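Before any comments, here is the structure.
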Amino acid sequence: MTEKTYREALTDALFHEMRRDENVIVMGEDVVGGTGSPHAEPGFVGGVFGVTGGLHAEFGLDRCIDMPISEAGIAGTAAGAALAGKRPVAEIMFCDFIGLCLDQLMNQAAKFRYMFGGKATCPMVLRTTYGAGMNAASQHSQSLHPLVTAIPGLKVAMPSTPADAKGLLATAIRDDDPVIFFEHKTLYTISGDVPDDEYLVPFGKARIVSEGNDCTLVATGRMVSFCENAAQALAEDGITCDIIDPRTTSPLDEDAILDSVEKTGRLVVVDETPPRCSFAADIAALAAGEVFSSLKAPVRQITGPHSPVPFAKELEGEFVPSPTKIRDAVSEVVNFK
Amino acid sequence: MQLPREELEQAYKQMKTIREFEEHLHREIMTGSIPGFTHLYAGQEAVAVGVCENLTEADYITSTHRGHGHCIAKGCDVIGMMKELYGKADGLCKGKGGSMHVADMDVGMLGANGIVGGGPPLATGAALAAKLDGKGSVAVSFGGDGSCNQGPVFESMNIAAILKLPSIFVYENNRYSEHTHCDYVIASESIASRVEGFGIHTVKANGFDFFEVHEVMKELIEKARNGEGPCAVEFETTRFYGHFEGDPQNYRAPDELKNDRENNDCITIFKEKVTEAGLLSDDDIAKLDEEVNSLIEESVDQAKKSPLPKPEDVTKDVYVSY
């Protein structure tokens, strides 16, 4: 184990997988930085958030490919290369830009295996950043995991810790299905213990972040630590929570969530997206359908409002679920009569 | 350079306003009072102003993430823009948009854009509306060398060509697509030569010289107004700052910025031309500088005093009605 940042843990996974399998290639805008520059040696960017830094020095520019600002082209090229035997890890700088490449993901990569009667595999990973918190406004702050989770054929991972970042990315690269890999842009600098050797975290297996008796909290990515903050405050009032981080929204570890709700009888789902047709609504419906008789209170969903993500600090702060809102929701369901 | 005195003064003032607006932001961002991601236009002023001085409020433009210059040149209220960048409730977009989404429908400014190739299809749509209205309005999409590689750009070029729309594609080649040199990401000889493939009349010109920009655009815009269909221009230019504020710019040659500031500053070039030709004096310029500085000071002063948005406004303006 070594203490590493979320960013370093992701880079670590890329090094491991690229060494292990020469079919793994990395492609995206400025993933190297400076390819073809008349003034500088390649490699000074390493991805705008620094995740692909240093890869080209070991694996060369044939396997670390700087791409034009052509998101549809990047996603489609990755999908095509995956059909032809490579394991591309494509980077889309902000998940908002999935808007530009949705056809390649939704109509192409997601459907090859099914449409072609199980005779094709498309082992691509599309790494992307998501989430509010940097005042980057409506086109650089969205959390679009519900959109791609809703598409059969795509797998969706969203690590909340450095160790999971490494383990889930390695699993994503080895997975034979297309994976959309969401990295929260405010998490890159958080630190934690990360295994040094090869490390795989299976898809569809939730992390039990903490255990308690009174309420189940389900959250992913940045919202996991918000739940931990809320749970600490609640513990002072004698309320204890199970916190479940599903790690992947597709496949989903339904058992972990349902077992916990059967134990606690209460469920609060937290997600920083608008509420309609959301991940939170999906989990709430799952519990209502499967463990209705165990529920002692209505399921609460703490999400953003039904709006785009605004620019100004005061507005963005209102958009993002806060530990206070989570704490209040848990208190409310625990005290429900 | 055959422009009336008031037009010369106006052009200079606009370029200088953009420059001082951006220089202020560059200083202020260090203090942390400007939230979010900011991409500065300083260095490219001759293009925005040279284009927009040929337009009226009935014409349309679309812009990019590097949009402050286009907004000012098209007539967006500078004070309202400054308030927006500070994230204030009475900003041009009520603090909802910020740097990358400044817009003002009243002056035909259809928005800066966080999606680099997002503008050309929108400008082509505005050009369709203009053609249907038949009043001779045109639509200009501004884009950088990086943005020319997004697919919707090509689709809108073809649509503009087949429908013969007054859609004008302006490319500002500042040499860097974010951090990557344009020669690596653009395979054709130039952006202009690529656009020609769509059957669109295309020109390449010097974007450091306001007068060249203005003259080239005058002719092209006139043709578009007269129903001769779309056209495109690629201007050579430079940005004085990074892709975004905080970009260390280690992809540039060591003396590149110094050289650009000394020899390719479009405002210095303009000043030299008009003073040497005796069209404006140093005193005239100094007076205009003073006007610009007090406008920027006023805008900052007002922006700092302006009220913050109310949290409950987060759900306002999602729809006209629901």
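What to note about this one:
- Filter result (closer than 23 Å to B:GLU172 by Cα and more than 12 Å from chain A (Cβ to nearest Cβ)) within region B:106-115: B:VAL107, B:GLY108, B:MET109, B:LEU110
- Taking residues in region A:38-49 that are facing chain B (nearest Cβ under 7 Å), and partners anywhere that are among the hydroxyl-bearing types (Ser, Thr, Tyr) and assigned to a loop (DSSP other than H, G, I, E, B), the pairs with Cβ atoms closer than 9 Å and at least 6 places apart or on different chains are A:HIS39/B:TYR251; A:ALA40/B:TYR251; A:PHE44/A:SER37; A:PHE44/B:TYR251; A:VAL45/A:THR52; A:VAL45/B:TYR251.
- Taking region B:244-268 as the range and being surrounded by 12 or more Cβ atoms within 10 Å (Cβ to Cβ) and in a helix (DSSP H, G or I) as the test, the residues that pass are B:GLU256, B:LEU257, B:ASN259, B:ASP260, B:ARG261, B:CYS266, B:ILE267, B:THR268.
- Taken over region A:33-72, the criterion of being modelled with pLDDT under 95 and of a type in the set (A, V, I, L, M) is satisfied by A:ALA40, A:VAL45, A:VAL48.
- The single condition among (1) at pLDDT 95 or above; (2) outside any helix (DSSP H, G or I); (3) charged (D, E, K, R) that A:LYS337 does not meet is (1).
This table checks each residue for (1) among the small types (Gly, Ala, Ser); (2) more than 15 Å from the chain's Cα centre (by Cα).
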| site | (1), (2) |
| --- | --- |
| A:ALA120 | yes, yes |
| A:PRO123 | no, yes |
| A:LEU154 | no, no |
| A:ALA157 | yes, no |
| A:LYS166 | no, no |
| A:THR171 | no, no |
| A:PRO178 | no, no |
| A:HIS184 | no, no |
| A:SER191 | yes, yes |
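- Per-region count, region B:188-217, residues within 18 Å of the chain's Cα centre (by Cα) and of a type in the set (S, T, N, Q): 1
- Residue within region B:150-166 that is within 14 Å of chain A (Cβ to nearest Cβ) and closer than 20 Å to B:ALA48 by Cα present: yes
- B:SER294 meets all of the listed conditions (1) in contact with a Lys or Arg (Cβ under 9 Å, 6 or more places away or on another chain); (2) hydroxyl-bearing (Ser, Thr, Tyr); (3) closer than 30 Å to B:LYS96 by Cα but one, namely (1).
- Only one of the listed residues (B:ASP301, B:ASP255) is among the acidic types (Asp, Glu) and more than 14 Å from chain A (Cβ to nearest Cβ). That residue is B:ASP301.
- B:ASP313 vs. criteria away from chain A (no Cβ under 11 Å), part of a helix (DSSP H, G or I) and surrounded by 13 or more Cβ atoms within 10 Å (Cβ to Cβ): no
- Selection from region A:288-328 of residues that are within 14 Å of another protein chain (Cβ to nearest Cβ) and in contact with a strand residue (DSSP E or B) (Cβ under 7 Å, 6 or more places away or on another chain): A:PRO321, A:LYS325
- Per-region count, region A:204-222, residues of a type outside the set (A, V, I, L, M) and either assigned to a strand (DSSP E or B) or out of contact with any strand residue (DSSP E or B) (no Cβ under 9 Å at 6 or more places or on another chain) (or both): 4
- Any hit, region A:82-89, residues being of a type outside the set (D, E, K, R), out of contact with any Phe, Trp or Tyr (no Cβ under 8 Å at 6 or more places or on another chain), assigned by TED's automatic domain parsing to the domain that holds A:GLN142 and within 23 Å of A:GLY33 (Cα to Cα): yes
- Taking the numbered list (1) more than 22 Å from B:LEU25 (Cα to Cα); (2) assigned to a loop (DSSP other than H, G, I, E, B) in turn, B:TYR241 passes all entries but (1).
- Answer from A:THR77, A:THR52 - the residue that is within 26 Å of A:CYS122 (Cβ to Cβ), of a type in the set (Ser, Thr, Tyr), within 14 Å of chain B (Cβ to nearest Cβ) and within 20 Å of the chain's Cα centre (by Cα): A:THR52
- When residues of region B:22-44 are limited to those that are in contact (Cβ under 8 Å) with a residue 40 or more places away in the chain and among the hydrophobic types (A, V, I, L, M, F, W, C), the one farthest from the other protein chains (Cβ to nearest Cβ): B:ALA42
- Where strands (runs of 3 or more DSSP E) fall wholly inside region A:240-310, the ranges with 3 or more residues that are not β-branched (Val, Ile, Thr) are A:241-245.
- Listing of helices (runs of 4 or more DSSP H) fully contained in region B:95-209 that carry 1 or more residues being touching a strand residue (DSSP E or B) at 6+ places or on another chain (Cβ under 9 Å) and free of Cβ contacts under 8 Å to residues at least 24 places away in the same chain: B:119-133, B:182-185, B:191-196
- Odd one out for B:GLY227 among (1) over 30 Å from B:ALA286 (Cβ atoms); (2) without any contact (Cβ under 8 Å) to a residue 60 or more places away in the chain; (3) surrounded by fewer than 14 Cβ atoms within 10 Å (Cβ to Cβ): (2)
- Residue in region B:76-93 that is of a type in the set (Lys, Arg), modelled with pLDDT of 95 or more and out of contact with any Gly (no Cβ under 6 Å at 6 or more places or on another chain) present: no
- Picking from residues in region B:226-252 that are away from every other protein chain (no Cβ under 14 Å) and out of contact with any strand residue (DSSP E or B) (no Cβ under 7 Å at 6 or more places or on another chain), the one that is nearest to B:PHE198 (Cα to Cα) is B:GLY229.
- Residue check for A:CYS122: within 13 Å of chain B (Cβ to nearest Cβ), touching a Gly at 6+ places or on another chain (Cβ under 9 Å) and on the phi < 0 side of the Ramachandran plot: no
- Entry remark, region B:131-152: residues being over 13 Å from B:GLU228 (Cα atoms) and surrounded by 24 or more Cβ atoms within 10 Å (Cβ to Cβ) number 12 in total.
- Qualifying residue in region A:170-177 (condition: out of contact with any helix residue (DSSP H, G or I) (no Cβ under 8 Å at 6 or more places or on another chain) and under 29 Å from B:GLY111 (Cβ atoms)): no
- Filtering region B:45-94 to residues that are part of a loop (DSSP other than H, G, I, E, B), away from chain A (no Cβ under 13 Å) and of a type in the set (A, V, I, L, M) leaves B:LEU55, B:ALA58.
- Helices (runs of 4 or more DSSP H) fully within region A:14-121 counting 2 or more residues that are surrounded by fewer than 20 Cβ atoms within 10 Å (Cβ to Cβ) and touching a helix residue (DSSP H, G or I) at 6+ places or on another chain (Cβ under 9 Å): A:55-59, A:71-83, A:98-102
The values are calculated or read from the model by the stated rules, or taken from the named source; none is laboratory data. The model shown is predicted, which means the values in this text are computed figures rather than measured ones. No Cβ is skipped: glycine too gets one built from the backbone with ideal geometry, and neighbour counts run over all protein chains shown.
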